[in-house]
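Heads up, the thing below is written out as structure tokens.
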Amino acid sequence: MAQAKRYKPNQNGKKPFFLKGVLLYLLPLPILWTLFFSLLNGNFRLIIMNGIAFAMFLLGASIARRGFLIEKEYKNSILAKAPKIKYKSIASIIITIATFFTSYFATANGLFLSILLALVAFVGFYLYYGLDPRVDKVGELNIGVRAEDVIEITSTAKKRIRTIKKLSSDINDNEVDMHLTSIITETEGIIKAIEENPNDLSRARKFFNVYLHRTEAITDEYAQNLKNKNIDKQMRVNYIHLLETVEKTIHQQKERLNEDDITRLDVQIEALTKQIKNEGV
């Protein structure tokens, strides 16, 4: 059975991710110091020049940070499309221009030196932070299974999981949190199985569209009613009972993803759909 190539990052010697890109925010600090003295001296030209330079450096750092976040998600995913927008490349260009602008206009260095410093900044960025991902991470897919479909469906499922996690923290109910955590864990297992074997997508498509979508929608409705103090004891019992049913069924279907008979999956999905409609939250 063909599988997508798994990314296995080497964690040895890696700095914490939240520190990545901090250096880019520290680069313009001397400009901020110069800007402060320009304000004290009332030098309007230097205020404008240093202000523009400082803003460009911050813009470049922020765009680079966005690129780092996308790159992290790309590396942590078994299946992923290379980002269409090359944020790191854009950031490197902005920082290069900012370096030249600072040297030539704000510091009044010569043209040759300013170009040299800009090139050093450009090369240094790429040597330290690398290039944007350029290759799609997809395995060998059967006929009729498109990588775009697999990535889109699993990405949507991951977003719904993040929403459910946020809703669970808003609800602040230990019993509810226990069931939602179990549902999330089981669902993440299914997402991982689909990423490792994308050819099983047809068996899980309705799973994501029904179980996860309805769990997210009902949990959101429950959280809103709880916020408005419209949840009574019976409604809480009904909601927890529904979560238990979803949790049990998800576990069963996770075990059956490797089975050849998909009919039972469809039958249980339809049965749960009817139960969701009948049991108000």
> From the phi of every residue in segment 73-78, what ³J(HN,Hα) in whole Hz does the Karplus formula 6.51 cos²θ - 1.76 cosθ + 1.60 yield, where θ is phi - 60° and glycine or proline is x?
Replying inline: 5, 4, 5, 7, 9, 6
> Mind listing the Cα extents of segment 164-236 along all three principal axes, in Å, largest one first?
Replying inline: 45, 19, 19
>> Given points 7 Å out from each Cα along the Cα-Cβ axis, report the residue 206 to residue 43 separation in nanometres with one decimal.
In response: 7.3 nm
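Full-extension gain between residue 214 and residue 82, please, as 0.36 nm times their residue separation minus the C-alpha to C-alpha distance.
On the way: separation 132, 0.36 × 132 = 47.52 nm, distance 3.01 nm.
Separation in residues times 0.36 nm, less the Cα-Cα distance, equals 44.5 nm.
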> How many nm is it between the label spots at residue 134 and residue 228, if each spot is 7 Å from the Cα in line with the beta carbon?
Replying inline: 5.3 nm
> Can you pull the three principal axis extents for the Cα set of segment 38-169, in Å, largest first?
Replying inline: 65, 38, 20
>> How far apart, in nanometres, would the label points at residue 148 and residue 252 be if each is projected 7 angstrom from Cα along the Cα-to-Cβ direction?
In response: 3.7 nm
>> I need the phi-derived Karplus couplings for segment 152-169: 6.51 cos²θ - 1.76 cosθ + 1.60, θ = phi - 60°, integer Hz, Gly and Pro marked x.
In response: 5, 5, 5, 5, 4, 4, 5, 5, 5, 5, 4, 5, 4, 4, 5, 5, 4, 5
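Taking other Cβ within 10 Å of each residue's Cβ, how do 38, 202 sort, fewest first?
Working: 38 20, 202 12.
Sorted ascending by nearby Cβ count, the order is 202, 38.
Tell me, in nm to one decimal, what length is gained between residue 55 and residue 174 on full extension, where the rule is 0.36 nm per residue of separation less the Cα-Cα distance? Intermediate results must be reported in sequence, preceding the final value.
Details: separation 119, 0.36 × 119 = 42.84 nm, distance 4.58 nm.
Length difference between fully extended and current span is 38.3 nm.
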> Which length gain, in nm to one decimal place, applies between residue 108 and residue 163 when the Cα-Cα distance is subtracted from 0.36 nm times their residue separation?
Replying inline: 14.7 nm
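Read the figures in this text as sums done on the coordinates, not as results from a lab. Given the structure is predicted, the values throughout are model-derived calculations rather than measurements. Using ideal geometry, Cβ is built from the backbone for each residue, glycine included, and neighbour counts are taken over all protein chains shown.
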